[in-house]
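Data block below; observations after.
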Amino acid sequence: MKQKVFWLDLAVCSLWLFVALANCSWWSLPTHFLMVVTVVMRIILSFTLYRGEKRSWIPLTVFSALFALLSVEGPVMRTTGDFADLPFVVMGINNDHLTHNIIKCILLAWLFLGPIAVYIVGLIRKTMKSSTLTWKDALGAILWKDKGAKAYCQLMLIAICALYAGLAMDMRMCRFACVVLPPLSLYLIARYMTSCKDTTEKNPVVGKLWMMVAAMVLFFYAQRYAGMWRVWMLVASIAMVAYVC
């Protein structure tokens, strides 16, 4: 259960980061840069709480201070508002004001109150272990030292590259991102899983990598067609990805 909540929390924080990064014009203001730092601190907090670090109060304090400051300045409310719009955009339905506000309140509670509650409950139940977490680790170094966090950062970097490739709307860049980044992600995931199993097997998914490349080529060029040709190309691409996964 703990691991499932952890993965759900990472998924929510990752989407929040994408929303914060999606508006390129934000980088013109220091508060918008701090917004990205705030989301990264929340991700660091997720890893420290999952590990049961007693000194999780360090990233928790920094995150809470930035969250409170940017709630007043506006970026927090803007990003969570855009986040709350995602279900309506994905489902193609009209934005309902009441539902939007409910989703936004749930997001704010999950992102801000959630880690505070987890930390307090951990202290009360004494599930927080004596921590070797240093200030450097708490402020970002854990993302390079922890094996799981390192793998997460690698995949997030790939996802961010894909995000900006899509925002650039350049065909060559989109083709590169579509064909190269999914196989690279698969390779990194396979390498991480292999390291977790402590096996010496090398290149366990070489054949699957080439199949993923072929699936992504089909997916990219399917966008040029309409009608049944496009449907069959997409079905073939999805089937190949399903087989690989």
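Here is the figure for region 124-144: residues that are assigned to a helix (DSSP H, G or I), exposed (fewer than 13 other Cβ atoms within 10 Å of the Cβ) and without any contact (Cβ under 8 Å) to a residue 24 or more places away in the chain total 4. Within region 151-180, if we keep just the residues that are free of Cβ contacts under 8 Å to residues at least 24 places away in the same chain and in contact with a helix residue (DSSP H, G or I) (Cβ under 6 Å, 6 or more places away or on another chain), the residue that is most open to solvent (accessible area, probe 1.4 Å) turns out to be MET173. Kindly check whether there is at least one residue in region 85-101 that is aliphatic (A, V, I, L, M), at pLDDT 85 or above and buried (at least 19 other Cβ atoms within 10 Å of the Cβ). Checking region 85-101: not a single residue is aliphatic (A, V, I, L, M), at pLDDT 85 or above and buried (at least 19 other Cβ atoms within 10 Å of the Cβ). The residues in region 57-101 that are over 15 Å from LEU111 (Cβ atoms) and touching a Phe, Trp or Tyr at 6+ places or on another chain (Cβ under 6 Å) can be counted, and the count is 1. Does region 40-77 hold any residues that are crowded, with 20+ Cβ neighbours inside 10 Å and among the hydroxyl-bearing types (Ser, Thr, Tyr), and which are they? Passing the criteria: SER46, THR48, TYR50, SER56.
Just to be sure before I move on: is LEU111 closer than 30 Å to ARG125 by Cβ, open to solvent by less than 50 Å² (accessible area, probe 1.4 Å) and modelled with pLDDT of 85 or more in the structure I sent? If you could, list the steps in order and put the result at the bottom.
On the way: closer than 30 Å to ARG125 by Cβ: yes; open to solvent by less than 50 Å² (accessible area, probe 1.4 Å): yes; modelled with pLDDT of 85 or more: yes.
Spelling it out, LEU111 is indeed closer than 30 Å to ARG125 by Cβ, open to solvent by less than 50 Å² (accessible area, probe 1.4 Å) and modelled with pLDDT of 85 or more.
Of everything in region 223-245 that's open to solvent by 100 Å² or more (accessible area, probe 1.4 Å) and hydroxyl-bearing (Ser, Thr, Tyr), which residue is nearest to the chain's Cα centre (by Cα)? Result: TYR243. Mind checking which residues of region 106-140 are hydrophobic (A, V, I, L, M, F, W, C) and either at positive phi or out of contact with any helix residue (DSSP H, G or I) (no Cβ under 9 Å at 6 or more places or on another chain) (or both)? ALA109, LEU113, ALA117, ILE120, VAL121, ILE124, listed by residue number.
The values are calculated or read from the model by the stated rules, or taken from the named source; none is laboratory data. Treat the numbers as computed from the prediction; the structure is a model and nothing was measured. Quick reminder, even Gly has a Cβ in these numbers, built from the backbone with ideal geometry, and neighbours come from all protein chains shown. The protein model used for the area step is the full one, side chains on, heavy atoms only, and it has no ligands, DNA or RNA in it. Shrake-Rupley method; radii C 1.70, N 1.55, O 1.52, S 1.80 Å.
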